[in-house]
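Encoded as structure tokens, the structure appears first; notes follow it.
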Amino acid sequence: AVAVPSFHALPLPCESSSPGPTGAQAAEFGHLPDNITVLEGESVVLRCKIDEEVTHKAWLNRSNILFTGTDKWSLDSRVSLVNNNNSDFSIKIERVMVADEGPYTCSFQAKNQPRTAHVYLIVQVPARIVNISQDKSVNEGDDVNFFCLAVGRPEPTVTWKDFKYGLMSEGEFLEITEIKRHQAEEFECITNNGVAPPDTRRVKVTVNYPPVITEVKNMPAQLGKTAILRCEAMAVPTASFEWYRDDRRPVESDNTLKIKNEKTRSLLLFTNVTEKHFGNYTCFASNRLGASNASMLLFRPGAVYGGVASLNGRLSGVGLWFCLSISVLMKV
């Protein structure tokens, strides 16, 4: 895209000079300089309209001469002369850079006095994220800090968005105090300055916590039939599972019993229940942050047991154990 502004000259008092051509039309002169806005990387044409005959003309950037008539003084290959006639004296700047921002002056000699036209070039840069935190893995209860740094002209705003709850936070820094497991999610950094569509990036936080067994259930089983004991545990990282019998012997798979471990649960699959299978089983779920266990019964319907289904957990770092017991009453 090429921006093509036009503007008229402003009179500038000066010392007298040699007479210019006669019969020239009067020029219209504005009272305030024009501002021209262009995006970085685009091209812009600065057009100076002349309404009278002139003897000399020049383009300047601040105090630097760019062109005098058709003679180029600028060493910048991006600057070129577009028009040089009795009514239009224009230059073009290609691939505009931030350094090009500033005042430009079209100056020409007419009717025994110099005239000038002023324009201020404003270069805008779309908002862009230049640095952002990496994804993080933390333990539950830790404090978490994210940063998102952005640049642009004008100065961009930075906003953090919480995807799970739709909450917004202004500023480059996002702080979460004593993070909880339900806050494990993606957060989006959004930067915008109105020049172009917003720039966005996402970061993810993983919250680690020790296993919590969520299901404890005694299971009736018929001799010669199939049965299943389930142990489900929520944990990050994913828990590993082990099964034990009443006397703390590890349970191992055989032709009548199989252990099936999945992502969040472990199953004891009895393919042919026998007398030896009845009794108490303990599921042990663990990861590097801690462990918990649950006990449950595989029993024959109609039998009376004084056993319980129970959950036991350990809090990481303090060695504190707790036990939740659920009494089960079986009818004969």
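The values are calculated or read from the model by the stated rules, or taken from the named source; none is laboratory data. All values reported here derive from a predicted model rather than from experimental measurement. Here the Cβ is made from the backbone with ideal geometry for all residues, glycine too, and neighbour counts use every protein chain on show. These area figures cover heavy atoms from the full protein model, side chains too; ligands, DNA and RNA do not enter into them. Shrake-Rupley method; radii C 1.70, N 1.55, O 1.52, S 1.80 Å.
Could you tell me the accessible area of Thr264 in Å² (1.4 Å probe, neighbours in place), rounded to the nearest ten?
50
List the pairs from Lys217/Lys263; Lys136/Lys260; Lys204/Lys258; Lys225/Lys263; Lys164/Lys260 whose alpha-carbon separation is above 29 Å, in the order I gave them.
In this structure, Lys136/Lys260; Lys204/Lys258; Lys164/Lys260 exceed 29 Å between Cα atoms.
Given R₀ = 56 Å, what would the calculated FRET efficiency be for Asn85 paired with Val151, taking r from the Cβ atoms and rounding to 0.05?
Once rounded, the FRET efficiency stands at 0.85.
Once the Cβ-Cβ distance between Leu75 and Thr264 is put in as r, and R0 is 56 Å, what FRET efficiency do you end up with, to the nearest 0.05? Provide the component values of the computation, followed by the final result.
Details: r = 69 Å, r/R0 = 1.23.
Between Leu75 and Thr264 the formula returns 0.25.
Below 8 Å, C-alpha to C-alpha, sequence gap of six or more: please give me the relative contact order for the stretch 217-299 in percent. Write out the running numbers ahead of the final one.
Working: 175 pairs, mean separation 32.1, N = 83.
The value is 39 percent.
If the cut-off is 18 Å between C-alpha atoms, which aspartates and glutamates fall inside it for Lys72, apart from same-chain ones fewer than 8 positions away?
Excluding near neighbours in sequence, the set is Asp88, Glu94, Asp100.
Can you pull the percent of Cα pairs in the stretch 136-269 with separation above 20 Å?
When every Cα pair of the stretch 136-269 is considered, 62 percent fall beyond 20 Å.
Let me know the Rg and Dmax you get for the stretch 133-209 when you use only its Cα atoms, in Å.
Gyration radius and largest Cα-Cα distance of the stretch 133-209: 13.2, 44 Å.
Amide H neighbours of Val251 under 5 Å, counting only residues 5+ apart in sequence or on other chains, H built in-plane at 1.01 Å?
For Val251, the qualifying residues are Trp243, Tyr244, Arg245.
Regarding the stretch 88-130, what's the average projected area of the Cα-atom convex hull, expressed in nm²?
On the way: hull surface 16.5 nm².
Computed as one quarter of the Cα hull surface, the answer is 4.1 nm².
Give the Debye-formula value of log10 I(q)/I(0) at each listed q (0.15, 0.18 Å⁻¹), with one equal scatterer per alpha carbon of the stretch 35-124, two decimals each.
The computed values of log10 I(q)/I(0) come out as -0.52, -0.74.
Using 0.36 nm times the number of residues separating Asp246 and Lys164, minus their current alpha carbon distance, what extension gain do you get?
My answer for the length gained is 25.2 nm.
Excluding residues fewer than 8 places away in the same chain, name every one of the aspartates and glutamates whose C-alpha is closer than 20 Å to that of Lys161.
Those aspartates and glutamates meeting the cut-off are Asp135, Asp143, Glu170, Glu172, Glu175, Glu178, Glu185, Glu186, Glu188, Asp199.
Mind giving me the FRET efficiency for Arg95 and Lys204? R0 is 45 Å, r the Cβ-Cβ distance, nearest 0.05 is fine.
The computed FRET efficiency comes out at 0.75.
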